[in-house]
Amino acid sequence: AETRQIDALGHDLEHHDAKAPTCTEPGWEAYDTCSRCDYTSYKEIAELGHSYEKGVCTRCQAIDPMYIEAPAFKLTTSSGKPKLTWDAVNGAEKYQVYFSTDGETFKLLITTARTSITHTSAKIGTIYYYKVKALKTVNDETVSSEFSNTKSIRCIPAAPTVNITTASGKP
């Protein structure tokens, strides 16, 4: 019996285009498969994950459920005492107001559901610095915003109220 060598057929390749990964789905590089054997050059690329910036994914615009916007507040006085007011932040349940007398070391003044507070214990002549952050609950976890911008004000005496009456036609 005579033995005869038969050349290998080689791969019968079918090309598959690449698919870019998304934030939530893996992708793959372009690859080939053979219709005759198990050969494949398939290589998966892992999903990218979200890239959140200010609560929105920069790639797919998905909303970050853990994000809450920082409040922007106004600082005025009420009867000579610092008064902070801000608009309600979407999703916020509470706000934390912090104060400082040196602009660096801040202490929690109050946690409140209101959107304004007056710092009634502020001392006349002292410069106070304030910043605020918003809080919400997500899956039983408290999530906080970044701090607002810091603002400062000098606590000044309230303007006196003067009443003038007349007695016998004289002030």
So which GluC sites (Glu not before Pro) in segment 1-62 pass both tests, a DSSP loop state and at most 10 other Cβ atoms within 10 Å of the Cβ? Glu2
With Cα springs under 10 Å, the Gaussian network model of the chain assigns the largest mean-square fluctuation among Thr112, Thr24, Thr161 to Thr161
Net +/- balance of residues flanking Cys57 in space, Cβ distance below 15 Å, scoring K and R +1, D and E -1: -2
Could you work out how much longer the chain between Asp87 and Glu53 gets when fully extended? Use 0.36 nm per residue separation minus the Cα distance between them, nm to one decimal. 10.1 nm
Which label in [x] 1.50; [y] 1.24; [z] 1.07 gives the computed Rg/Rh (Cα atoms, Kirkwood Rh): [x]
Label point 7 Å out from Thr76 along Cα-to-Cβ: which residues of segment 84-101 have amide N under 16 Å? 84-88
With each pseudo-label sitting 7 Å past Cα toward Cβ, what's the Ile45-His15 distance in nm, one decimal? 1.7
Contact order normalised by length for the chain, with contacts defined as Cα pairs under 8 Å and 6 or more residues apart; what percent is it? 17
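Each reported figure results from applying straightforward, stated rules to the coordinates on display, with no laboratory input. For clarity, every value in this text was computed on a predicted model and none was experimentally measured. Every residue, glycine as well, gets a Cβ built from its backbone with ideal geometry; the counts of neighbours run over all protein chains shown.
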